[in-house]
Amino acid sequence: MSHVLHRSLDATLPTVVGGDGNFLIDESGKRYLDACGGAAVSCLGHDNERVRSAIKRQIDRVAFAHTSFFTNEPAEELASFLVERAPEGTGDGRVMFLGSGSEAMEAALKLARQYHLERGEAARTRIIARAPSYHGNTLGALATGGHAGRRAPFRPLLMDVGHIDAAYEYRMRHDGESEAAFAERMANLLDQRIRELGPDTVMAFVAEPVVGASLGTQPAPRGYFQRIREICDRHGVLLIADEVMCGMGRTGSLFALEQEGIAADITTLAKGLGAGFQPIAAVMAAEKVVAAIQNGSGLLWNGHTYMSHAVATAGALAVQKVIQDQNLLENVRARGEQLRDALNARFGQNPNIGDVRGRGLFWTVELVADKASKASFPAAARLSQKIQRAALDLGLMCYPAQGCADGTNGDHVLLAPSYTSTPDEIARIVDLLARAVETVLNKVEK
């Protein structure tokens, strides 16, 4: 009997005992090719010596000193590294380091509120986000997220957040509608909602540049975020980019918004930042946000005990330097193209694969009961979870999710392989996933 409060109280999990490149090894010696990084976390695999050495060196120097008394070298260097490479328009921003993506979203929302208070706009309390979306599991982050299934048990505890439709091309782009028209139509939903709530009451719009688990690696149509930026600027609303899952190289550029040609006012980062070697997340504030605080109280009204943890920031700094020095973003783009082409070739004619979508090394296959109508399998069938289990039996880790169609129904399987993935590993990922999908669908059809 385990005394750990696991995610499933009935499941018996294998015990992981080691990592070898992009594989994890359990106590029986079975090897699992990690095609999802857990949850798009392990972007350098599981045994990077350079990162491990950096963490050990920092532990030997000092592990923890509270940030009300001290700063530390790795936190300072990591903050400068990120700001110097941030999308044009960020300016002379600053970064706070926290422990998880949910923590980062909470801090981002509080920072947005402080920005408006420092400027004398106390009426700005409303948040607008998108559905489907997922922004974390704490109450503020969960309220901001637009995933009906995850929100349902805690709805009475959640603050009121306004949601608009995400730019979900597979189900929302009209027949014959151009990409530009689709982008403008979906972005204009924000303008409409701001006007409905009252422009002077809205403090922030929150969006993932590439929607992660809730919608399955859905990129925005070209021009969408440029229009979003215009709308936010017109109404004095802060744009918060949730790059917890899609940032730090996952989509082929260090920041996902680089590919949209704009900068956010506040950006949250996490998974690929530290690659799982230490828990770490970040909130990056653009220069205009920092300036409002500096010209006002001069104090950050949000603090956490483990902010800027020296060991965590040392590990994350090493991760980012490995990505830079080994030019891994080029491999993300190259292997991403290979993964895209292989998924389309293997699943394009499958009657139960409705869509293949993604960017970089961030791809999803969406399953449907009927391709013509795009009808989903019922959520109770737990199809994506069954595919995950079938894949594990074959030695492959993939990320299952539900709810993309309506918040409850809609199965998809997400892939987020390591940035160090080889061509052979990408080919193996697609082959094993296809075998797992076929195994499960054959049982469903019977």
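The values are calculated or read from the model by the stated rules, or taken from the named source; none is laboratory data. Predicted model, so just to flag it, every value in this text is computed and none were measured. Neighbour counts are summed over all protein chains in view; Cβ atoms, including those assigned to glycine, are modelled from backbone coordinates with ideal geometry. Calculation scope for accessible area: heavy atoms of the full protein, side chains included, ligands and nucleic acids excluded. Shrake-Rupley method; radii C 1.70, N 1.55, O 1.52, S 1.80 Å.
Being farther than 22 Å from Leu383 by Cα and surrounded by 24 or more Cβ atoms within 10 Å (Cβ to Cβ) is the filter here, so list the residues in segment 403-425 that pass it. First the steps, then the outcome.
Kept after step one, since they are farther than 22 Å from Leu383 by Cα, are these residues of segment 403-425: 418-425.
Of everything in segment 403-425, those that are farther than 22 Å from Leu383 by Cα and surrounded by 24 or more Cβ atoms within 10 Å (Cβ to Cβ) turn out to be Ser418, Tyr419, Ser421.
Among the residues of segment 358-380, those that are open to solvent by 30 Å² or more (accessible area, probe 1.4 Å) and not polar (S, T, N, Q) comprise Arg359, Ala369, Asp370, Lys371, Ala372, Lys374, Ala375, Pro378, Ala380.
The set of residues in segment 103-145 being in a loop (DSSP other than H, G, I, E, B), open to solvent by less than 40 Å² (accessible area, probe 1.4 Å) and aromatic (Phe, Trp, Tyr) is empty. For segment 277-289, give me each residue that is out of contact with any helix residue (DSSP H, G or I) (no Cβ under 6 Å at 6 or more places or on another chain) and either assigned by the TED database to the domain that holds Gly336 or surrounded by fewer than 23 Cβ atoms within 10 Å (Cβ to Cβ) (or both). The answer is Pro279, Glu287, Lys288.
Looking at Ala292, Ala263, which is the one that is touching an Asp or Glu at 6+ places or on another chain (Cβ under 7 Å), open to solvent by less than 20 Å² (accessible area, probe 1.4 Å), assigned to a loop (DSSP other than H, G, I, E, B) and small (Gly, Ala, Ser)?
Values: Ala292 fails: assigned to a loop (DSSP other than H, G, I, E, B).
Only one candidate passes the filter, namely Ala263.
Whether any residue in segment 89-100 is closer than 21 Å to Arg150 by Cα and either surrounded by 18 or more Cβ atoms within 10 Å (Cβ to Cβ) or under 17 Å from the mean Cα position of the chain (by Cα) (or both) is what I want to check. Taking every residue of segment 89-100 in turn, at least one turns out to be closer than 21 Å to Arg150 by Cα and either surrounded by 18 or more Cβ atoms within 10 Å (Cβ to Cβ) or under 17 Å from the mean Cα position of the chain (by Cα) (or both). Go over the candidates Ala204, Ala183, Ala213, Ala187 one by one and state the one that is under 22 Å from Cys246 (Cα atoms) and either of a type in the set (Phe, Trp, Tyr) or in a strand (DSSP E or B) (or both). Within the list Ala204, Ala183, Ala213, Ala187, the selection yields Ala204.
Listed conditions (1) crowded, with 16+ Cβ neighbours inside 10 Å; (2) in a loop (DSSP other than H, G, I, E, B); (3) out of contact with any helix residue (DSSP H, G or I) (no Cβ under 8 Å at 6 or more places or on another chain) are all met by Arg340, apart from (2).
With respect to the conditions (1) in a helix (DSSP H, G or I); (2) within 26 Å of Asn22 (Cβ to Cβ), His412 lacks only one, and its number is (1).
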